[in-house]
Structures are given as structure tokens and as C-alpha cells.
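Enquirer: Shown below is the structure under consideration.
The values are calculated or read from the model by the stated rules, or taken from the named source; none is laboratory data. Bear in mind that the values here come from a model prediction, so they are computed numbers and not experimental data. Note that each Cβ is placed from the backbone with ideal geometry, even for glycine, and that neighbours are counted across all protein chains shown.
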Amino acid sequence: MKYRMKAKFEKEREEPRNCNPLPSSNSIFEVTLRLDRPHVDMNAATSTCRKRDLTGLPCCHVIGCSTWLKQDVEDLLHPFFKKKKYTQVYQGAILPCQG
């Protein structure tokens, strides 16, 4: 993971201390964080704050639910940020262009 994105991810990991997840089913939660109350779907690892849709990193609401369920937070990362995907993208040769 790139340094800048890793720093953002670590910052998000500290925020769930203030989250209070309220389960409505095994995978659907309502999370209270200050005055905000987004809904979280753990099957898709998404929240109504839509932060993951923009950055690919899980938001603090999803991380809070993940720790409440005692799941590994690293599994919630988008595959783009994992080493396996990185090696797949750059495994082929990049041919030089004329010009």
C-alpha cells in the first residue's frame, strides 16, 4: 500500500473508538458516531457515508462494525491496495513507445 493511503487507513483505524454499532441483523448495522448515524452493510463493506466508494478504503463506521464482529480489518481493503493485485498489474513488460 502506498504510504499516503496507508497513513489515511491508519487514521481511519483510530476513529472507531468513538463508534457505537447497533446490529439490526448479522450484517446490517446502524453506527452512532457523534451526531452521525450511517447504516453499514458488512456483506458489501459499505456505509451510507459512501467514503469507500470514493477512496477504496473502508470508513471508520465499517471498521467499527468489523472490530465489533471481531473480523480482520485488513480483509476490508479494496483489492487494488493489496500486493497480489499490484504484482498482477505490473507482471507484464511495458514496451517503449516511439516518439
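Enquirer: Only one residue in T87, T32, T46 is at pLDDT 90 or above and of a type in the set (S, T, N, Q), so which one is that? Break it down stepwise before answering.
Expert: Values: T87 fails: at pLDDT 90 or above; T46 fails: at pLDDT 90 or above.
One residue alone meets the criteria, T32.
Enquirer: Can I ask one more? If I filter the stretch 1-25 down to residues being touching a strand residue (DSSP E or B) at 6+ places or on another chain (Cβ under 7 Å) and modelled with pLDDT of 85 or more, which single residue comes out as nearest to C65 (Cα to Cα)? Walk me through it before giving the result.
Expert: To start, the set of residues in the stretch 1-25 that are touching a strand residue (DSSP E or B) at 6+ places or on another chain (Cβ under 7 Å) comprises 18-24.
Still in the running and modelled with pLDDT of 85 or more: 19-24.
Details: C19: 8, N20: 8, P21: 6, L22: 9, P23: 9, S24: 12 Å.
Checked the stretch 1-25; the qualifying residue nearest to C65 (Cα to Cα) is P21.
Enquirer: So, one more: Residues of the stretch 33-91 being touching a Phe, Trp or Tyr at 6+ places or on another chain (Cβ under 6 Å) and closer than 16 Å to E14 by Cα, which ones?
Expert: Residues satisfying the conditions are L57, C65.
Enquirer: Does the stretch 1-43 hold any residues that are of a type in the set (S, T, N, Q) and closer than 14 Å to L77 by Cα, and which are they?
Expert: Step one: filter the stretch 1-43 for residues of a type in the set (S, T, N, Q), giving 18, 20, 24-27, 32, 43.
Within the stretch 1-43, N43 is the sole residue that qualifies.
Enquirer: T67: out of contact with any helix residue (DSSP H, G or I) (no Cβ under 8 Å at 6 or more places or on another chain), polar (S, T, N, Q) and surrounded by 13 or more Cβ atoms within 10 Å (Cβ to Cβ), yes or no?
Expert: Numbers: out of contact with any helix residue (DSSP H, G or I) (no Cβ under 8 Å at 6 or more places or on another chain): no; polar (S, T, N, Q): yes; surrounded by 13 or more Cβ atoms within 10 Å (Cβ to Cβ): yes.
No.
Enquirer: Within the stretch 26-46, can you find the residues that are of a type outside the set (A, V, I, L, M) and under 16 Å from Q71 (Cα atoms)?
Expert: Let us first name the residues in the stretch 26-46 that are of a type outside the set (A, V, I, L, M), namely 26-27, 29-30, 32, 34, 36-39, 41, 43, 46.
N26, S27, F29, D41, N43, T46 - these are the residues of the stretch 26-46 that are of a type outside the set (A, V, I, L, M) and under 16 Å from Q71 (Cα atoms).
Enquirer: Looking for whichever is hydroxyl-bearing (S, T, Y) and in contact with a strand residue (DSSP E or B) (Cβ under 9 Å, 6 or more places away or on another chain) here; the options are T55, T48. Which one fits?
Expert: Checking each option against the conditions leaves just T48.
Enquirer: Sticking with this one: Condition (residue is in contact with a Gly (Cβ under 8 Å, 6 or more places away or on another chain) and not acidic (D, E)) applied to the stretch 79-92: is it met by at least one residue?
Expert: Here is the first cut: in the stretch 79-92, the residues in contact with a Gly (Cβ under 8 Å, 6 or more places away or on another chain) are 80-81.
Then keep just the ones that are not acidic (D, E); that gives 80-81.
Yes, that holds for at least one residue.
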